[in-house]
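The values are calculated or read from the model by the stated rules, or taken from the named source; none is laboratory data. Just so we're clear, the structure is a prediction, and the values are computed from it rather than from any experiment. Virtual Cβ from ideal backbone geometry, glycine too; neighbours counted across all protein chains shown.
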Amino acid sequence: MSEKRTELTDLGEFGLIDQLTNQFTTHVSTTIKGVGDDAAVISVSETEAMLVATDMLIEGIHFNLMYTPLMHLGYKAVMVNLSDIFAMNGAAQQITVSIAVSNRFPLEAMEELYAGIKKACDFYKVDLIGGDTSSSLSGLMISITAIGKVEKSKVVYRSGAKENDLLVVSGDLGAAYMGLQLLEREKEVFKANPDIQPDLEGNDYLLERQLKPEARQDVIAYLKELDVKPTSMIDISDGLASEIFHLCKASKVGCTIYDEKIPIDAKTSMVALEFNLDPTVCALNGGEDYELLFTIAMEDFDKIKGSPHFTIIGHMTDANSGVNLVDKQGAIIPLEAQGWKSF
Ligand code: ADP
Ligand code: MG
């Protein structure tokens, strides 16, 4: 080791991953896609591939147990991983679950966590096939690996978007972030005065989007029904803007999106304004929506346009044009990827 010291804060999450992994080459011919997409793609036969995705949730970073029920946490930890399998246009099949837990937690707490994991397994028809268990000095960590399968000809990478493709998103955005803001606000109120009951009435949708998200397995089915194979796809875990940057970087294209097209639930907008936040900014940078963001060829426009599940929010441009947002007044604003700042 040299004397040189580079701060991780300067690199950011994606810079760090890149720095650590860019020296690796593949040694095995069955590795079709390694680092750099939502899941790795491994050849298992002439026509079939296996998908592998891993995600980790850390207490104090990804969740706060003051307002996150353990059962919901278990369910969400599975969703986060299944979402990455769906983002490859695949079917989820198995998970492994590794936990590190401090003796602050009794057995009953861990049973609750696993009740949530089981609910997710039963609902999404995936099997828990292993994992690892360790003690931790403080706090709880959950690392899940999801395994899926997909026909090789059906795999959708981040890298396939072409100029003039349409950019499409499922569901609506920003709600999970506003759910988090509500929970954080009530936590502060509670800390100041534990006698005050939390005031979360009427915000079920936002809270559910934060605490009990669903991975969009249904979207994969809709796409199949509509006979649409996206040209590129990614799941929205870090916020729309960050994911658009990933698609553009991997596909070597630019993108223009329209503020007025971004699907935001009325409740999300209302609560955002209550917090003095711009709903569009919440959708762009909020994160944890677990919707799917994909591009389709122009020819598929007619198949998608009538679907209540999808919104066309923009189109891909040449790389030199960059990533731009056309605001409600028609002004063109270059976007910045913010996403989660993990470090
Ligand atoms: P996602 O948000 O879809 O979970 P990430 O941004 O976490 O994806 O990861 C991007 C890519 O980098 C993925 O292919 C992931 O497997 C890989 N990756 C992340 N962290 C590491 C690491 N520490 N070592 C090797 N590969 C990693
Ligand atoms: Mg992902």
(request) Of all residues in the range 34-57, count the ones that are within 13 Å of ligand 1 (Cβ to nearest atom) and either closer than 18 Å to Ser143 by Cβ or small (Gly, Ala, Ser) (or both). (result) 13
(request) For Tyr114, work out the one condition from (1) assigned to a helix (DSSP H, G or I); (2) out of contact with any strand residue (DSSP E or B) (no Cβ under 9 Å at 6 or more places or on another chain) it doesn't fulfil. (result) (2)
(request) May I ask you to list the residues in the range 267-321 that are among the polar types (S, T, N, Q) and either touching a helix residue (DSSP H, G or I) at 6+ places or on another chain (Cβ under 8 Å) or buried (at least 22 other Cβ atoms within 10 Å of the Cβ) (or both)? (result) Thr268, Ser269, Thr280, Asn285, Thr295, Ser307, Thr311
(message) Out of Ile313, Ile236, I need the residue that is closer than 30 Å to Ile117 by Cβ and either touching a Lys or Arg at 6+ places or on another chain (Cβ under 8 Å) or within 16 Å of ligand 2 (Cβ to nearest atom) (or both). Which one?
(response) Ile236
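Among the residues of the range 183-206, is any under 21 Å from the mean Cα position of the chain (by Cα), within 16 Å of ligand 2 (Cβ to nearest atom) and either crowded, with 23+ Cβ neighbours inside 10 Å or on the phi > 0 side of the Ramachandran plot (or both)? Spell out the reasoning first.
If we filter the range 183-206 for residues that are under 21 Å from the mean Cα position of the chain (by Cα), which is where we start, we get 183-184, 204-206.
The next check asks that each one be within 16 Å of ligand 2 (Cβ to nearest atom); those that pass are none.
The answer is no; no qualifying residue exists.
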(request) Of the conditions (1) of a type outside the set (Ser, Thr, Tyr); (2) in contact (Cβ under 8 Å) with a residue 60 or more places away in the chain; (3) touching a helix residue (DSSP H, G or I) at 6+ places or on another chain (Cβ under 7 Å), Gly179 clears all except one; give me its number. (result) (2)
(request) Considering each of Met71, Met79, Met50, Met56 in turn, give the residue that is at pLDDT 95 or above, under 23 Å from the mean Cα position of the chain (by Cα), among the hydrophobic types (A, V, I, L, M, F, W, C) and over 20 Å from Tyr290 (Cα atoms). (result) Met50
(message) Condition first: part of a loop (DSSP other than H, G, I, E, B), charged (D, E, K, R) and either touching a strand residue (DSSP E or B) at 6+ places or on another chain (Cβ under 8 Å) or within 26 Å of Met79 (Cβ to Cβ) (or both). Can you find one or more residues in the range 239-253 that meet it?
(response) no
(request) Would you point out which residue out of Thr31, Thr21, Thr26 is within 14 Å of ligand 1 (Cβ to nearest atom) and at pLDDT below 95? (result) Thr26
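Quickly run through the range 1-59 and pick out the residues that are of a type in the set (Gly, Ala, Ser), in contact with a strand residue (DSSP E or B) (Cβ under 9 Å, 6 or more places away or on another chain) and within 16 Å of ligand 2 (Cβ to nearest atom). Break it down stepwise before answering.
So the first thing to find is which residues in the range 1-59 are of a type in the set (Gly, Ala, Ser), and the list is 2, 12, 15, 29, 34, 36, 39-40, 43, 45, 49, 53.
Cutting the leftovers down to in contact with a strand residue (DSSP E or B) (Cβ under 9 Å, 6 or more places away or on another chain) gives us 29, 34, 39-40, 43, 49, 53.
Gly34, Ala39, Ala40, Ala53, listed by residue number.
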(message) Just checking, does the range 269-281 include any residue being within 16 Å of Ser170 (Cβ to Cβ) and of a type outside the set (S, T, N, Q)?
(response) no
(request) Please specify each residue of the range 201-236 satisfying the condition of being small (Gly, Ala, Ser), part of a loop (DSSP other than H, G, I, E, B) and more than 16 Å from ligand 1 (Cβ to nearest atom). (result) Gly202
(message) Here are the criteria: (1) more than 10 Å from ligand 1 (Cβ to nearest atom); (2) modelled with pLDDT under 95; (3) under 30 Å from Glu186 (Cβ atoms). Tell me which single one Glu13 does not satisfy.
(response) (1)
(request) Please give the number of the condition Arg216 fails out of (1) within 25 Å of Val126 (Cβ to Cβ); (2) of a type in the set (Lys, Arg); (3) over 15 Å from the mean Cα position of the chain (by Cα). (result) (3)
(request) Specify the residue that is nearest to the chain's Cα centre (by Cα); the eligible residues are those in the range 119-138 that are in a helix (DSSP H, G or I) and free of Cβ contacts under 8 Å to residues at least 40 places away in the same chain. (result) Phe123
